[in-house]
Structure formats: structure tokens, C-alpha cells
Amino acid sequence: MNQQTSKKLVIPQLIVGLGNPESRYDGTRHNIGFEAVDALAKSWQVSWQENKRFQGMFATKTQTNGDKIYLLKPLTYMNRSGQSVRTVVDWFKLATDSVFVIYDEMDLPVGRLRMRLSGSAGGHNGIKSIISYLGGQNFPRLRVGIGKSQNKETISHVLGKFSPNEFKVINEILQLVVDAVDLSLTDGVEKSMSYYNSRSVNLENLSGEK
């Protein structure tokens, strides 16, 4: 058996969307991770329930083969997301590389996705917390571009809302997130990376302009 065929597929079991609780954060750039897992829950027709043990909103999808996929929105606030994630990992005895985290990325423009199998926090407090609580960086993640602001402070930008034009793009990107996650569940994260990391959505595509 050659190295290519013997390579282990990385299949997510716990999919975590990062954000902040409280209605004032709804729809902000920093909460795109919450919106992504909301889109997954809607697509999979599963319902959220608050789980106090896990300190988050939790949902379960049962695959046709009987395997369970878990969705989590930590309610601990962004910089303590790792507490919630670690509790779920311990409870279900999950491997850390089966934890798949979706979050916002300023270094990507709105309309772009980027998946990686591991890596540093890159300054993101939610990822810093998860790395700390899981004891390493070896978990896949999907970053959703929120763009950089030319005239706002970083905090104001990430806690601000998307413009109407950006919002149209975000709706399309969330569908790509669902497609990318679905592919990773059947064919592994690397296959999904190879397909979706090169994809993008922009307003011109949506409006049919040249």
C-alpha cells in the first residue's frame, strides 16, 4: 500500500462555530462562525438546544451509517471558547483532529474561504483559547473572510455588521460553507480543501455584471 492510499482521512465529528453570545453581537463579522453552524443546522434539519454541561448551544446529526456529528456554539464568549470545546471533546472522547472550527478571518476578503488541517491562532482569541485547552494546534479549521477596514479600528470592524452588498455575498458563502463541510464528512477535509480553497463569491458574479 503506498503512502497516498494509506493516509488517514481527517473526518470532522465536532463542528464548532465561534462567536459571542448576546443579541447585540448577532450578524456581526466576528460572529460569522455562529452563522455558519446555524446554516449547517438548517441544512441538516437539526435543532439547537442549550447544554449547560457544554456551556453552549448543541445539536446532533445522525449520519445514514449511524455515526453522529455534533454542532457546537460556545456561549462562553470568544476568548474562552476552548472551555466549551474541551468539555465536549472529553465527554464524547473525541480525537482532537476531529474537531473542525469555523471562524472569521480579517486577512481574507469577504467572499473567500480557507481551510487548513492545523496551524497557529494567527491572533484570533477564540482559536488561541481552543489551542490552549486542547493542548495543541492539530485540529482542522475553516476561516471565513470578513475583510479589513480601511478607516475603522480593528475592534470596531470585527464587531460591526456587513454592508448590504457584503451581506448578499455572505449568504452565498454560507452555502459554500455547508457544501464544504458536507464534502469533508464524506471525503475528508483535505479533499474539501482542494476544492473549496480556490472558490470565491463576489458581487459581480451575483449580479451577472461583466
Worksheet item: Within the group GLY111, GLY66, which residue is in contact (Cβ under 8 Å) with a residue 60 or more places away in the chain and at positive phi?
Response: GLY111
Worksheet item: Got at least one residue in region 48-59 being in contact (Cβ under 8 Å) with a residue 60 or more places away in the chain, in contact with a Ser or Thr (Cβ under 7 Å, 6 or more places away or on another chain) and not aliphatic (A, V, I, L, M)?
Response: no
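Are any residues in region 27-84 of a type in the set (Phe, Trp, Tyr), outside any helix (DSSP H, G or I) and over 28 Å from LYS148 (Cα atoms), and if so, which ones?
Within region 27-84, TRP48, PHE54, PHE58, TYR70 qualify.
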Worksheet item: Give me the pairs: first residue in region 127-156 and surrounded by fewer than 20 Cβ atoms within 10 Å (Cβ to Cβ), second residue among the hydroxyl-bearing types (Ser, Thr, Tyr) and assigned to a helix (DSSP H, G or I), beta-carbon distance under 6 Å, and six or more apart or on different chains, which are they?
Response: LEU134/THR96; ASN138/THR96
Worksheet item: Going through region 18-33 one residue at a time, which ones are over 15 Å from SER84 (Cβ atoms) and among the hydrophobic types (A, V, I, L, M, F, W, C)?
Response: ILE32
Practice prompt. Give the number of residues within region 53-68 that are under 18 Å from LYS93 (Cα atoms) and out of contact with any Pro (no Cβ under 7 Å at 6 or more places or on another chain).
Written response: 10
Discussion item. Just to be sure before I move on: is PHE34 in contact with a Gly (Cβ under 9 Å, 6 or more places away or on another chain) and crowded, with 21+ Cβ neighbours inside 10 Å in the structure I sent?
Written reply: yes
Item to complete: Kindly check whether there is at least one residue in region 182-198 that is among the aromatic types (Phe, Trp, Tyr), under 27 Å from THR76 (Cβ atoms) and touching a residue at least 24 places away in the same chain (Cβ under 8 Å).
Response: no
Worksheet item: Conditions: (1) over 15 Å from the mean Cα position of the chain (by Cα); (2) farther than 23 Å from THR186 by Cβ; (3) modelled with pLDDT of 95 or more. TYR77 meets all but one. Number of the miss?
Response: (3)
Worksheet entry | Test: ASP90 is surrounded by fewer than 17 Cβ atoms within 10 Å (Cβ to Cβ) and either over 25 Å from SER198 (Cβ atoms) or out of contact with any His (no Cβ under 7 Å at 6 or more places or on another chain) (or both) | yes
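The values are calculated or read from the model by the stated rules, or taken from the named source; none is laboratory data. Remember, it's a predicted structure, so these values are computed and weren't measured experimentally. Neighbour counts are summed over all protein chains in view; Cβ atoms, including those assigned to glycine, are modelled from backbone coordinates with ideal geometry.
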